[in-house]
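Visitor: Dumping the structure here so I can ask a few things about it.
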Amino acid sequence: MNYIKSLLLLLALVLTACNNSEKEGDTAEITAGESHDDIIHLSRAQFENAAMEIGKLAEKPFAETVQTSGIIDVPPHSRAVISAFSGGYIKNTPLLIGDKVKKGQRLVTLENPEFIAMQQSYLETVAQLSYLNSEYERQQIMMDEKITSQKSFLKAESEYKTALARSNSLKKNLEMLNINPASVAAGNIVSQVNIYSPIDGNVTQVFVNTGTYVSPADKIMEIMNTDHIHLELKVFEKDLLQLKKDQEILFTVPEASKETFKGKVHLVGTSIDPNKRNAMIHGHIGEKDEQNFTAGMFVEAGIVTGTSEHMALPEDAVVENEGKNFVLLIENETDDEFEIHPVAVKIGTTYNGFTAIENASQFKANDRFLTKGGFVLLQEEGGGGHSH
């Protein structure tokens, strides 16, 4: 028993072809009419209502590519790992993964009694500096007038410069903790410090909870700015000499979409990994597509190195059904209808809206095909039943 082949038309119009060898003339009743021996009858009214189009095979340019893979990434300056310059307990973590932050925005608050001790040391050192500076200047005058010994002068100089160095060191430590040294010198001592964002971006990871103790080596959170997202591709050594700046990149994100996106080669790596024998290619993504991606996505890409001509049809002219590809050949045309024959074809790549037909030589130069709006999918159903 032969299978029934049906054509699902746009706007829910359904066409089928029936051929039942056991019951001659036993065909399914369908909206668009009947078809026999794989010939599908399409009325001209349906053709016009569904905005279908007819076209011929034509020679079209197709990209010659170097195949590669890689990831979507951001530049180093667009990624920030937040940590503390001094250990402490997380007092407050107001942000969640995905939150947008601005440069200078508070991220977390740390609390540690050691912060108080550090400020106290700074206050004591600042207080000593005034006396030690005066003593140093007095000893210098006395030394010039030969009233004091060189030993006394050198001792005063050493004590002053040591205290000055300690003061500057403590001052820098306070600034790194976002504590204002001038405020401390005025007597304002705090037990909590805030950590602020060094860049604009979004929170991508949070490693701590309220109450967690973090040491200076611990990660608190990660922030990423995806405004300058790009491609990092690995290309084999044998293909490297074919690549240069501004070549087009056609890439897909297999886990997310079948859609093909475009980019351009920006930098070609100048060093080869001695073990893997590959180099890195840095590519820019088209501005309109940048927002579709996030760092870390795996990509498969082809870098266009040239073009070659192939016989092709618009990509909508080819339909896949259970692992096979078909085109719809116009066998005959009258004032009232089209007679259409589905023909299996072997296809090549798709580029700029056209699909290469590798066995195009089996068709005649004047053969015409349904190229738009005529179908969504060919289905095979068994048993001579009705197609809905």
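The values are calculated or read from the model by the stated rules, or taken from the named source; none is laboratory data. Note that the coordinates shown come from a computational prediction; the quantities given were computed from them, not determined experimentally. Methodologically, a virtual Cβ is constructed for each residue, glycine included, from the backbone with ideal geometry; neighbour enumeration extends over all protein chains shown.
Visitor: Does any residue in the range 115-132 that is among the aromatic types (F, W, Y) come within less than 6 Å, Cβ to Cβ, of a residue that is exposed (fewer than 15 other Cβ atoms within 10 Å of the Cβ) six or more places away or on a different chain, and which pairs are these?
Guide: Taking only residues 6 or more apart or on different chains, the pairs are F115/S191.
Visitor: Could you please give the count of residues in the range 258-290 that are surrounded by fewer than 17 Cβ atoms within 10 Å (Cβ to Cβ) and either of a type in the set (F, W, Y) or not in a strand (DSSP E or B) (or both)?
Guide: 15
Matching residues to (1) touching a strand residue (DSSP E or B) at 6+ places or on another chain (Cβ under 7 Å); (2) surrounded by 15 or more Cβ atoms within 10 Å (Cβ to Cβ); (3) closer than 22 Å to A51 by Cβ; (4) at pLDDT below 90:
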| position | (1), (2), (3), (4) |
| --- | --- |
| K324 | yes, no, no, yes |
| L328 | yes, yes, yes, yes |
| D335 | no, no, yes, yes |
| P342 | yes, yes, yes, yes |
| S361 | no, no, no, yes |
| K372 | yes, yes, yes, yes |
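Visitor: Looking at F298, F293 in this structure, which one is of a type in the set (F, W, Y), more than 22 Å from H77 (Cβ to Cβ) and either out of contact with any Pro (no Cβ under 6 Å at 6 or more places or on another chain) or buried (at least 16 other Cβ atoms within 10 Å of the Cβ) (or both)?
Guide: Just a single option satisfies the conditions, and that option is F298.
Visitor: Something else: Can you find even one residue in the range 83-102 that is in a helix (DSSP H, G or I) and of a type in the set (F, W, Y)?
Guide: no
Visitor: May I pose another question? Suppose the filter is outside any strand (DSSP E or B), in contact (Cβ under 8 Å) with a residue 12 or more places away in the chain and among the small types (G, A, S); does G302 pass it?
Guide: no
Visitor: For S197, work out the one condition from (1) of a type in the set (S, T, N, Q); (2) touching a Leu at 6+ places or on another chain (Cβ under 9 Å); (3) over 29 Å from T294 (Cβ atoms) it doesn't fulfil.
Guide: Going through the list (1) of a type in the set (S, T, N, Q); (2) touching a Leu at 6+ places or on another chain (Cβ under 9 Å); (3) over 29 Å from T294 (Cβ atoms), S197 breaks only (3).
Visitor: Could you tell me whether N194 is touching a strand residue (DSSP E or B) at 6+ places or on another chain (Cβ under 6 Å), surrounded by fewer than 18 Cβ atoms within 10 Å (Cβ to Cβ) and farther than 30 Å from E135 by Cα?
Guide: When the stated conditions are applied, N194 passes them.
Visitor: Separate question: Sort out which residues of the range 253-283 are in contact (Cβ under 8 Å) with a residue 40 or more places away in the chain and closer than 12 Å to I303 by Cα, and write them in order of number.
Guide: Within the range 253-283, I281, H282, G283 meet the criteria.
Visitor: Just one of the numbered conditions (1) of a type outside the set (F, W, Y); (2) touching a strand residue (DSSP E or B) at 6+ places or on another chain (Cβ under 7 Å); (3) not assigned by TED's automatic domain parsing to the domain that holds S83 is not true of A163; which one?
Guide: The failed condition is (2).
Visitor: Among the residues that make up the range 241-253, is at least one of them modelled with pLDDT under 90, over 22 Å from T349 (Cα atoms), surrounded by 17 or more Cβ atoms within 10 Å (Cβ to Cβ) and more than 14 Å from the chain's Cα centre (by Cα)?
Guide: No, the conditions are met nowhere in the range 241-253.
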